[in-house]
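The values are calculated or read from the model by the stated rules, or taken from the named source; none is laboratory data. Treat the numbers as computed from the prediction; the structure is a model and nothing was measured. No Cβ is skipped: glycine too gets one built from the backbone with ideal geometry, and neighbour counts run over all protein chains shown. Side chains are part of the model used for accessible areas, which takes the heavy atoms of the whole protein and leaves out ligands, DNA and RNA. Shrake-Rupley method; radii C 1.70, N 1.55, O 1.52, S 1.80 Å.
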Amino acid sequence: MIATLSHHPGRSALALGVFYLLLATPIARDWLEASMSRHMLVQMPLLVVIGIIAARLVPGRTQDSLLIRFGGAWPCVIAALFASSYWMLPRALDAALTDPWAEVAKFLSLPFLVGFPLVLAWRRLTLIGRGFVWTNFFSMLAVLGWLYIVAPVRVCNSYLVNDQENAGWYMVIASVLLFFWWLGTLLVGGGVGPDKPDQSGPGRTFA
Amino acid sequence: MSLAKRSVLISALVTSLGTWVFWWGTDGFTAFTAETARRVEILRSPRALPDVTLEDQNGKIFHLKDYQGKLLAVDFIFTRCTTLCRSMGMIFKQIRDLIPQESLGRDFALLSISFDPEHDDPANLKKYGEAYGADGQIWRIARVQDKAELQSLLDAFGIIVIPDQFGGFEHNTALHLVGRDGRLRLISDIDKAIPFAEQVVALL
């Protein structure tokens, strides 16, 4: 989808912007935030994906100069780790529903502090670096899902307790499926993992 | 500065900023849920409450402000509730029985507030109250009829009520203590009835 999009970067950027605004409409927010599963496993990933697509629409040379300005791959990865973990806190989830500023922070940070910097960093990450990002993500998802399943209390005041358990199961299942998919790409792609690094890729990380 | 050095420097900066945001967002790594956050915040700064109009199990109209000068234990219920609110009734009864007789009603009172005013008319409130020995004076079971007032009260207490799929509600349940100045000053877990009563006694 991304490859076809980038034939018309201007039009794609416009479509992406419209989609971003659509997600921010009260109707979309109400529906996507009505259940914990949709909030965590649909809305938040979509916001990250918006950041990913936005970064891919940026010309390669600009991406490189941005990456240098940000100090290379690792600051970007670290920012993404912090921002993505923050929105996994039950308290942050509740805050997004009750505090408009938290909602704004969520809509800004997930695309621009998670998706966007990850794409910038990705080309410069070695296989080990990518493996770190992936496995960290899988384990975070699995552990949090498991916590949601076994938690004796309702962790979010805004969500029903069985919604929490469902979200937990979806997270565990998603992490297992994603893990096997990633493992599969490692085996099939001759050990380079999904989305092979380009020529300037492995071995030339900035950090 | 070399790129490697810059990278390390910015990484350190991003890490400290990220840690600070986590520290700030969780009250110093103590409150990871909104429920804990609500309790921590109340302890730090007791919160003023709106003066709402209530109706008790005897149909008597009164105001939250009427309790100023007394310590007041508050919980939130709906009488159709078959799970937590039942134990809430038992817990409130237990707290009442732990407070010295001479202070009851004079310096300390209990108030169970229903957030389901449509169903919980005085008759239903009375039924609930009788099940646990709420007398309607020391311990009142009441509803807030005005929707806007009810919401402002729930907001001030930090109670979020959401309908469940069985026609009832799910809500955060806790023991609340309102001070003599009418401010919410303590929120504790419902399984901490004895420490809660001890706190009350210490303040009498």
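Name every residue in the stretch A:78-107 that is part of a helix (DSSP H, G or I), farther than 21 Å from A:Leu147 by Cα and within 13 Å of chain B (Cβ to nearest Cβ), in order of residue number. Full working, then the answer.
Here is the first cut: in the stretch A:78-107, the ones part of a helix (DSSP H, G or I) are A:78-86, A:90-98, A:100-107.
Still in the list and also farther than 21 Å from A:Leu147 by Cα: A:78-80, A:97-98, A:100-107.
Residues satisfying the conditions are A:Ile78, A:Ala79, A:Ala80, A:Leu97, A:Thr98, A:Trp101, A:Ala102, A:Ala105, A:Lys106.
Can you tell me which residue in the stretch B:28-43 is surrounded by the most Cβ atoms within 10 Å (Cβ to Cβ), limited to those that are touching a residue at least 12 places away in the same chain (Cβ under 8 Å) and out of contact with any Lys or Arg (no Cβ under 9 Å at 6 or more places or on another chain)?
Once the filter is applied, the top-ranked residue is B:Arg38.
Kindly check whether there is at least one residue in the stretch B:111-132 that is more than 14 Å from chain A (Cβ to nearest Cβ), open to solvent by less than 20 Å² (accessible area, probe 1.4 Å), at pLDDT 95 or above and in contact with a helix residue (DSSP H, G or I) (Cβ under 6 Å, 6 or more places away or on another chain).
No; the residues of the stretch B:111-132 include none that is more than 14 Å from chain A (Cβ to nearest Cβ), open to solvent by less than 20 Å² (accessible area, probe 1.4 Å), at pLDDT 95 or above and in contact with a helix residue (DSSP H, G or I) (Cβ under 6 Å, 6 or more places away or on another chain).
Among the candidates A:Val143, A:Val153, A:Val172, A:Val176, which residue alone is part of a loop (DSSP other than H, G, I, E, B) and more than 15 Å from the chain's Cα centre (by Cα)?
Numbers: A:Val143 fails: part of a loop (DSSP other than H, G, I, E, B); A:Val172 fails: part of a loop (DSSP other than H, G, I, E, B); A:Val176 fails: part of a loop (DSSP other than H, G, I, E, B).
That would be A:Val153, the only listed residue that is part of a loop (DSSP other than H, G, I, E, B) and more than 15 Å from the chain's Cα centre (by Cα).
For the stretch B:166-180, indicate whether the set of residues that are open to solvent by 30 Å² or more (accessible area, probe 1.4 Å), away from chain A (no Cβ under 14 Å) and in contact with a strand residue (DSSP E or B) (Cβ under 9 Å, 6 or more places away or on another chain) is non-empty.
Taking the stretch B:166-180 as the starting set, the residues that turn out to be open to solvent by 30 Å² or more (accessible area, probe 1.4 Å) are B:166-167, B:169-170, B:180.
Right, trim to away from chain A (no Cβ under 14 Å) and you get B:180.
Next cut, in contact with a strand residue (DSSP E or B) (Cβ under 9 Å, 6 or more places away or on another chain) only: B:180.
Yes, that holds for at least one residue.
Please state which of the following conditions B:Ala37 fails to meet, knowing it meets all the rest: (1) farther than 16 Å from B:Leu153 by Cβ; (2) at pLDDT 95 or above; (3) of a type in the set (A, V, I, L, M, F, W, C).
(2)
Within the stretch B:56-76, is there a residue that is within 14 Å of chain A (Cβ to nearest Cβ), in contact (Cβ under 8 Å) with a residue 12 or more places away in the chain, over 30 Å from A:Ala79 (Cα atoms) and open to solvent by 20 Å² or more (accessible area, probe 1.4 Å)? Steps first, answer last, please.
Step one: list which residues in the stretch B:56-76 are within 14 Å of chain A (Cβ to nearest Cβ), which gives B:76.
Checking the rest, the ones that are also in contact (Cβ under 8 Å) with a residue 12 or more places away in the chain come to B:76.
The next check asks that each one be over 30 Å from A:Ala79 (Cα atoms); those that pass are B:76.
Checking the rest, the ones that are also open to solvent by 20 Å² or more (accessible area, probe 1.4 Å) come to none.
No, the stretch B:56-76 contains no residue that is within 14 Å of chain A (Cβ to nearest Cβ), in contact (Cβ under 8 Å) with a residue 12 or more places away in the chain, over 30 Å from A:Ala79 (Cα atoms) and open to solvent by 20 Å² or more (accessible area, probe 1.4 Å).
Quick one: is B:Arg86 at pLDDT below 90 and more than 18 Å from the chain's Cα centre (by Cα)? Before the answer, list the steps.
Values: at pLDDT below 90: yes; more than 18 Å from the chain's Cα centre (by Cα): no.
Taking the combined requirement at face value, the residue does not satisfy it.
Given (1) over 17 Å from the mean Cα position of the chain (by Cα); (2) surrounded by fewer than 16 Cβ atoms within 10 Å (Cβ to Cβ), identify the lone condition not met by A:Arg29.
(2)
For the stretch A:115-126, state whether one or more residues are over 19 Å from the mean Cα position of the chain (by Cα), more than 10 Å from chain B (Cβ to nearest Cβ) and surrounded by 15 or more Cβ atoms within 10 Å (Cβ to Cβ). Write out each step before concluding.
Residues of the stretch A:115-126 over 19 Å from the mean Cα position of the chain (by Cα): A:126.
If we keep only those that are more than 10 Å from chain B (Cβ to nearest Cβ) too, we end up with A:126.
Among the residues that remain, those that are also surrounded by 15 or more Cβ atoms within 10 Å (Cβ to Cβ) are: A:126.
Yes, some residue in the stretch A:115-126 is over 19 Å from the mean Cα position of the chain (by Cα), more than 10 Å from chain B (Cβ to nearest Cβ) and surrounded by 15 or more Cβ atoms within 10 Å (Cβ to Cβ).
Would you confirm whether any residue within the stretch A:61-68 is touching a Phe, Trp or Tyr at 6+ places or on another chain (Cβ under 9 Å), at pLDDT below 95, open to solvent by 40 Å² or more (accessible area, probe 1.4 Å) and more than 14 Å from every other protein chain (Cβ to nearest Cβ)?
There is no residue in the stretch A:61-68 that is touching a Phe, Trp or Tyr at 6+ places or on another chain (Cβ under 9 Å), at pLDDT below 95, open to solvent by 40 Å² or more (accessible area, probe 1.4 Å) and more than 14 Å from every other protein chain (Cβ to nearest Cβ).
If we keep just the residues of the stretch A:134-175 that are of a type in the set (Ser, Thr, Tyr) and within 14 Å of chain B (Cβ to nearest Cβ), which is surrounded by the fewest Cβ atoms within 10 Å (Cβ to Cβ)? I'd like the intermediate steps shown before the answer.
So in the stretch A:134-175, the residues of a type in the set (Ser, Thr, Tyr) come out as A:135, A:139, A:148, A:158-159, A:170, A:175.
Retained after the next criterion (residues that are within 14 Å of chain B (Cβ to nearest Cβ)): A:148, A:158-159.
On the way: A:Tyr148: 24, A:Ser158: 22, A:Tyr159: 26.
If we take residues in the stretch A:134-175 being of a type in the set (Ser, Thr, Tyr) and within 14 Å of chain B (Cβ to nearest Cβ), then A:Ser158 is surrounded by the fewest Cβ atoms within 10 Å (Cβ to Cβ).
Tally time: how many residues in the stretch B:1-25 are under 30 Å from B:Ser188 (Cβ atoms) and either within 7 Å of another protein chain (Cβ to nearest Cβ) or in contact with a Pro (Cβ under 9 Å, 6 or more places away or on another chain) (or both)?
3
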